[in-house]
Amino acid sequence: MMNEIRLLLGKPATKERGRLIKAIKDLQSRHGLIAQALDARLVVSERHIHFAVHKALSAFSDGRNIANDAAMEIMRYASGERQIERALVMGVSDQTRRIALILAKTDGKTSWPDDREICQIIEVDGCGCSSDPGAVKDIFHISSQELEAAGEERIEDLVIERVALVETYR
């Protein structure tokens, strides 16, 4: 299965979480793609998201998924959590100032949305991933001892390790 993934980062087009989620669901329906919005403070890198999406979609295609929805499975993996309820901390809230919008196609027939559709969800800022190290350490349960041993520059690897371990927590 060949997946195409796009990661867009920027300000949510609306501050109302309900309207944002509806716009994302509408986009999914119109294009037949998978879409998920995460709090960008907790996304350490494109590699983090690409790895999480790959693991989530593999779990889905192999019948190892926990969530009933591929977008929720992506959030679960991206958060490094087995339980959906705990994974929701990666999601957007009314206080989220910047989002990471993940778009994924699992077949070659699905079309990408155009800029007009995208701007109803996100104002892309071109600033890339800029996570909050304190929030990342907290959400991914990275201890100061672990960070001291691995080094601050390896926080991305520690997060990706959490993503990889999601499927081992059975």
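The angle between the Cα long axis of helix 70-79 and the longest principal axis of the Cα atoms of the chain comes to about 30 degrees, rounded to the nearest 10. Rolling a 1.4 Å probe over the protein heavy atoms of the chain, with every protein chain left in place, gives an accessible area that is 48 percent carbon and sulfur. Residues whose amide H falls under 5 Å from that of Gly10, counting only those 5 or more places apart or on a different chain, are Ile99, Leu101, Asp125, with hydrogens built in the peptide plane. For the chain, averaging the sequence separation of C-alpha pairs within contact (under 8 Å, six or more residues apart) and dividing by the residue count gives a relative contact order of 39 percent. With protein chains left intact and a 1.4 Å probe, residues in the chain average 52 Å² of accessible area per residue.
This model, with +1 at the C-beta of Lys and Arg and -1 at the C-beta of Asp and Glu, gives the range 35-77 a dipole about its Cα centre of some 120 debye. For the Cα atoms of the chain, what angle does the longest principal axis make with the long axis of helix 155-165, in degrees from 0 to 90, nearest 10? With both axes taken from Cα atoms, the answer is about 80 degrees. Each Lys or Arg adds one and each Asp or Glu takes one away; over the other residues whose Cβ falls under 11 Å from the Cβ of Lys15, this sums to +2.
What pairs in Lys22/Lys55; Lys55/Lys137; Lys105/Lys137; Lys15/Lys137; Lys22/Lys137; Lys15/Lys105 have C-alpha atoms more than 24 Å from each other?
Working: Lys22/Lys55 26 Å; Lys55/Lys137 22 Å; Lys105/Lys137 30 Å; Lys15/Lys137 26 Å; Lys22/Lys137 30 Å; Lys15/Lys105 27 Å.
Result: Lys22/Lys55; Lys105/Lys137; Lys15/Lys137; Lys22/Lys137; Lys15/Lys105 exceed 24 Å.
Working note: Karplus 6.51/-1.76/1.60 with θ = phi - 60° gives the range 16-27 the couplings 8, 4, x, 5, 5, 5, 4, 4, 5, 5, 4, 4 Hz, where Gly and Pro are set to x.
Placing +1 on the Cβ of every Lys and Arg and -1 on the Cβ of every Asp and Glu, with no other charges, gives the chain a dipole of roughly 540 debye about its Cα centre. DSSP bridge analysis restricted to the chain gives an antiparallel fraction near 100%, rounded to the nearest 5. Considering only DSSP states other than H, G, I, E and B, which GluC sites (Glu not before Pro) in the range 1-109 qualify as loop sites with at most 13 other Cβ atoms within 10 Å? Hits after loop and neighbour filter: Glu16. The Cβ shell under 14 Å around Asp69 holds other residues with a net charge of +1, Lys and Arg each +1, Asp and Glu each -1.
Of the trypsin sites (Lys or Arg not before Pro) found in the range 95-149, the ones in coil according to DSSP and having at most 12 other Cβ atoms within 10 Å of their Cβ are Arg97, Lys109.
The values are calculated or read from the model by the stated rules, or taken from the named source; none is laboratory data. Since the model is a prediction, treat every value here as computed from it, not as a measurement. Quick reminder, even Gly has a Cβ in these numbers, built from the backbone with ideal geometry, and neighbours come from all protein chains shown. Accessible surface areas use protein heavy atoms only, side chains included; no ligands, DNA or RNA. Shrake-Rupley method; radii C 1.70, N 1.55, O 1.52, S 1.80 Å.
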